[in-house]
Amino acid sequence: MASEIELIKGKDYLIGISPIVEIQKDRSILSEPERKELSTINFEARINSWWKAREILSKISRHFGVNYKGLRKGDNGKPHFIEGTDFHCSLSHSVSHVAAMISSISCGIDVERIDPKVERVFQKFSSESELGSRTHVKYKTAIWACKESIYKAVDIPGILFRDQIRLYEWKNQDSLVDFDFLKDRDSKSRFSCEIRWFEDQVLAYTLEKDI
């Protein structure tokens, strides 16, 4: 993947993803809550990914005619545009890449580096039955990324990934995965997560319309 922002376009959304390089630190695009948040971040790597996410989001927002004026966080930590639009957004970063998503519908995105360390925690958020015959660690990482993107889309605190977000079916040569989301005992809905593989990373994203 080149250093420029790569775009993934859909009918209701636009995604930008880029390596964390050539950081543009334009304070004019920040909201007051963001300025305060930035002052609390001490690690350079985290600062760089934080800036890159906002750089990408400010650029892809123009495709929908959104005048980017910065972000605020909701009660559950989900980012929202500070003012002037009904559009939704989602952000994510791995060690080396940042992804941002804008949509007319509530959305969620997650990018993860494929790492064998996921084996240690896999049983906490999933089960072997969700893998089927897939044994490579990349599939375990993908399940985590999908469940994380659904969690971001629904924006409900306290969700149990293993019990409430359950893999239903792998599709399209493992580039699309359906999940059942159990909000409570009497409410079950279906999400479809798109998956993209690149380098040593996996990108997963979803829209709330898939409920």
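So what is the relative contact order for segment 39-91, in percent, with contacts set as C-alpha pairs under 8 Å and at least six apart? Provide the component values of the computation, followed by the final result.
On the way: 36 pairs, mean separation 10.9, N = 53.
Relative contact order of segment 39-91: 21 percent.
Which length gain, in nm to one decimal place, applies between residue 38 and residue 162 when the Cα-Cα distance is subtracted from 0.36 nm times their residue separation? Let's see the in-between values first.
Details: separation 124, 0.36 × 124 = 44.64 nm, distance 3.27 nm.
Gain on extension, residue 38 to residue 162, equals 41.4 nm.
Whole-Å semi-axes of segment 28-77's equivalent ellipsoid, largest first, each the root of 5 times a Cα gyration tensor eigenvalue?
On the way: eigenvalues 80, 36, 18 Å².
They are 20, 13, 10 Å, listed largest first.
Looking at the P(r) of segment 91-204, how many percent of alpha-carbon pairs lie beyond 20 Å? Before the final figure, lay out the partial values.
Numbers: 2382 of 6441 pairs.
The answer is 37 percent, as a whole percent.
How would you order 87-95, 40-48 from highest to lowest mean count of nearby Cβ atoms within 10 Å? All intermediate terms of the calculation are to be shown ahead of the outcome.
Numbers: 87-95: 21.2, 40-48: 10.9.
Those peptides, ordered most packed to least, come out 87-95, 40-48.
What is the Å³ per residue value for the convex hull set by the Cα atoms of segment 6-104? Show your work: numbers first, answer last.
Details: hull volume 10.1 nm³, N = 99.
Hull volume over Cα atoms, normalised by residue count, gives 102 Å³.
With the contact rule set at Cα under 8 Å and sequence spacing of 6 or more, what percent relative contact order holds for segment 6-104?
Values: 148 pairs, mean separation 34.4, N = 99.
It rounds to 35 percent for segment 6-104.
Over the chain, what relative contact order in percent results from Cα pairs under 8 Å that are six or more residues apart? Each step should come with its number before you reach the end.
Details: 407 pairs, mean separation 35.5, N = 211.
Dividing the mean separation by the residue count of the chain yields 17 percent.
Treating only the Cβ atoms of Lys and Arg (+1) and Asp and Glu (-1) as charged, compute the dipole magnitude of the chain about its Cα centre; round to the nearest 20 debye. Before the final figure, lay out the partial values.
Values: 33 positive and 33 negative charges, 50 e Å.
That gives the chain a dipole magnitude of about 240 debye.
Which residue, 201, 170, 20, has the largest displacement toward the positive end of the dipole of the chain when charges sit on each Cβ (Lys, Arg +1; Asp, Glu -1)?
The one lying farthest along the dipole's positive direction is 20.
Values quoted throughout were computed directly from the atomic coordinates according to the rules given, and no laboratory measurement underlies them. If you're wondering where the values come from, they're calculated on a predicted model, not measured in any experiment. Positions of Cβ are backbone-derived with ideal geometry, glycine not excepted, and every protein chain shown enters the neighbour counts.
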